[in-house]
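The values are calculated or read from the model by the stated rules, or taken from the named source; none is laboratory data. Please read all numbers here as calculations on a predicted model, not as lab measurements. As a convention, Cβ positions derive from the backbone with ideal geometry for all residues, glycine included, and neighbour counts pool all protein chains shown. Side chains are part of the model used for accessible areas, which takes the heavy atoms of the whole protein and leaves out ligands, DNA and RNA. Shrake-Rupley method; radii C 1.70, N 1.55, O 1.52, S 1.80 Å.
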Amino acid sequence: MTPEQRRKNRNTALALVVFVIAVIAWSFWRASGGVGS
Amino acid sequence: MSSVTADHVPAIQGHEDHHHKPHGWRRWLFATNHKDIGTMYLIFSFCMLLEGGVLALLLRTELFSPGLQFFRPELFNQFTTMHGLIMIFGAIMPAFVGFANWMIPLQIGASDMAFARMNNFSFWLLPIGAILFTVSFFMPGGANAAGWTMYAPLSLQMGPGMDFNIFAVHILGASSIMGAINIIVTVLNMRAPGMTLMKMPMFCWTWLITAYLLLAIMPVLAAAVTMLLTDRHFGTAFFNAAAGGDPVLYQHVFWFFGHPEVYVMILPAFGIISQVVPAFARKRLFGYASMVYATAAIAILSFLVWAHHMFATGMPITGQLYFMYATMLISIPTGVKVFNWVATMWRGSLTFETPMLFAVGFIFVFVIGGFTGLIVAVAPIDIQVHDTYYVIAHFHYVMVAGSLFGMYAGAYYWLPKWTGRMYDEKLGKLHFWSSMISFNITFFPMHFLGLAGMPRRYADYAAQFTDFNVIATIGAFWFGISQLIFLYLAVRAWTGHGEPAAAKSWEGAEGLEWTVPSPAPFHTFVTPPVVK
């Protein structure tokens, strides 16, 4: 695997990790009435 | 899918198999090779299938006749719960990740998965989760008995076995998320030159979409069980009505995960069937592009229908109507898939080796499960059959006849590539027919039991339900014993028995995986093939 490909893989994975963290945060926010039920 | 051919593939195989192949226990504990990790996933998931299967047989033993024979109701409920959790998180999901590990790099012409060490970590989290599930039976109060859905408030009142469960779900969820990230990055970034997305085999497409589904839903499950944990031990009140929380909220959060989860367990099977049917019909897959779009449509719609599991909680009529019609909408892309499989077979040069038998069997019984799904989608009927054996019958037609038969189709199809040996065709066919008949004997009567009002998750039942329960129990033991045929065939092939398999083990098989020798060398596609 070339360094360029490693960098590309890492960046894609980081974007996906950010998405996962956002979904967890969204779940807690919604469950605690975050939109003002 | 376009017909994929690769330049100079055999030429790159020669020297690759001799380098960097570790031996002994280190090969497995520190495995970073996608094939080794795939093998470990498959072995692990089959062990969990046996564990979950034994729990199912214990349930059927108790239900052989009315009254309490062998188990206290509390223990029976632990068996039902753990059967579901172990089959979903321990057997079906890891098995498909095993298929993905083995086949995706081979099918897209990649040398390995994108993150080999994370791949190892993803796998080794699984036994830890499995141990937590299993030892929870020995905790004070026993294992989780609140059902695999872990509904509040019951799950808030369970003993420490529930905490083990929550922790296990966290660990297995983390494993799934890492696996999904690995698959997405591999498919998006590591395809061989010329392997465009619309040339990819359908199995890769269905797994790419499944991986996105996993990334969107596993964090929701993690959040839901974390909220359960904090409600249980840290004084929060998400779901505790006595403290101002809302138990129905748990159901909403859970099913936002739970319904797409059903598709996580079936889309990879769709992918496998889309590989097997063209190979044994000796035709290209009918409507490749529509298959891709139908898979994506199913995945998107799966996020919009979660509350059809909750009609019985009480819901405004507009809500019921929305979830009812949205659920029915899923039958359209699913119907596209079934149509395309049948159209692929139409006027093909069909032969019915074991993988094809399981594929055709899959289509037949999965469609029955799909139709009963349409029936329970209708809110007034659902309220009648909610929590009855009708629902058990429905989802076992989808999960056993769907996911499991799909896996068997794939396992027999790729076993020669994995092991370098052909399995015994007669025994393979015996496995299929024995499984197909016994499966229907087990689960078809449950439709009648459910329609007659037999509730699920009870150790006892009224005497009028006896006959169908006797039939179901006999079928269940027959089905369980039938799976030992597969175990025998797989062990035989893996230990080097049977006829040597050719690189292209099936006449009609297409794709890059059939351009490498059988068994697939330890390293493949170190130099990426050029796909035309």
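Once you treat every alpha carbon in segment B:428-532 as an equal point and sum by Debye, what is log10 I(q)/I(0) at q = 0.16, 0.21 Å⁻¹?
-0.82, -1.10
Set the Förster distance to 30 Å, then compute FRET efficiency between A:Ala25 and B:Ile131 from the Cβ-Cβ distance, nearest 0.05.
After rounding, the FRET efficiency stands at 0.50.
Just tell me how shielded B:239-249 is by partners: mean number of partner chain Cβ atoms within 10 Å of each residue's Cβ, no decimals.
1
Return, for the Cα atoms of the protein assembly as shown, the radius of gyration and Dmax in Å, separated by a comma.
Answer for the protein assembly as shown, Rg first and Dmax second: 23.2, 70 Å.
Pairs of alpha-carbon atoms within less than 8 angstrom and 6+ residues apart define the contacts here; what relative contact order does chain B have, in percent?
Result for chain B is 22 percent.
Rounded to the nearest 10 degrees, what's the angle between the helix B:466-494 long axis and the longest principal axis of chain B, both from Cα atoms, 0 to 90?
30
Through the Karplus equation 6.51 cos²θ - 1.76 cosθ + 1.60, θ set to phi - 60°, convert the phi angles of segment B:517-531 into ³J(HN,Hα) values in whole Hz; use x for Gly and Pro.
For segment B:517-531, the Karplus curve yields x, 10, x, 4, x, 4, 10, 9, 6, 4, 9, x, x, 9, 8 Hz.
How high is the relative contact order of segment B:67-182, in percent, counting Cα pairs under 8 Å that sit 6 or more residues apart?
Here the relative contact order equals 35 percent.
Given an 8 Å cut-off on Cα distances and at least 6 residues of separation, report the relative contact order of segment B:233-298 as a percent.
Averaging sequence separation for qualifying contacts and normalising by length gives 15 percent for segment B:233-298.
If the label point is 7 Å along Cα→Cβ of B:Ile332, which residues in segment B:304-324 have backbone nitrogen under 17 Å from it?
Once the point is set 7 Å along Cα→Cβ of B:Ile332, B:304-305, B:322-324 turn out to lie under 17 Å by backbone N, inside segment B:304-324.
Between segment B:18-79 and segment B:396-411, how many Å separate their Cα centres?
16
Longest exposed-loop-site-free stretch of chain B, with chymotrypsin sites (Phe, Trp or Tyr not before Pro), DSSP loop and at most 11 other Cβ within 10 Å?
B:347-532
Quick one: helix B:34-62 against the long Cα principal axis of chain B, what's the angle to the nearest 10°, folded into 0 to 90?
Roughly 30 degrees between the two axes.
Rounded if a/c is under 1.5, else prolate if a/b is larger than b/c, else oblate: which is segment B:283-323, with a ≥ b ≥ c the root eigenvalues of its Cα gyration tensor?
prolate
Can you give me the long-range amide H partners of B:Val530? Hydrogens built in the peptide plane at 1.01 Å from N, cutoff under 5 Å, separation of 5 or more residues or another chain.
B:Asp7
What size of dipole, in debye to the nearest 20, comes out for segment B:337-432 about its Cα centre when the only charges are +1 on Lys and Arg C-beta atoms and -1 on Asp and Glu C-beta atoms?
Numbers: 6 positive and 5 negative charges, 80 e Å.
Dipole size: approximately 380 debye.
Where the accessible area of segment B:181-263 is counted over protein heavy atoms with a 1.4 Å probe, how much of it, in %, is carbon and sulfur?
67
Could you tell me how far the Cα centroid of segment B:85-144 sits from the Cα centroid of segment B:318-390, in Å?
Using only Cα atoms to place each centre, the spacing works out to 27 Å.
Ignoring everything except DSSP H segments at least 4 long, calculate the 222 nm mean residue ellipticity for chain B; use -39,500 (n - 2.57) per segment, divide by total residues, nearest 500.
On the way: 18 runs with 332 residues, N = 532.
Taken over chain B, the calculation gives -21000 deg cm²/dmol.
List, largest first, the extents of the alpha carbons of chain B along their principal axes, each in whole Å.
Largest to smallest, the principal-axis extents are 69, 50, 46 Å.
Project the alpha carbons of segment B:353-423 onto their principal axes and report the range along each, largest first, in whole Å.
Ordered largest first, segment B:353-423 gives principal extents of 53, 18, 13 Å.
How long are the three semi-axes of the equivalent ellipsoid for segment B:98-248, computed from the Cα gyration tensor as the root of 5 times each eigenvalue, in whole Å, largest first?
Equivalent-ellipsoid dimensions as semi-axes: 38, 17, 11 Å.
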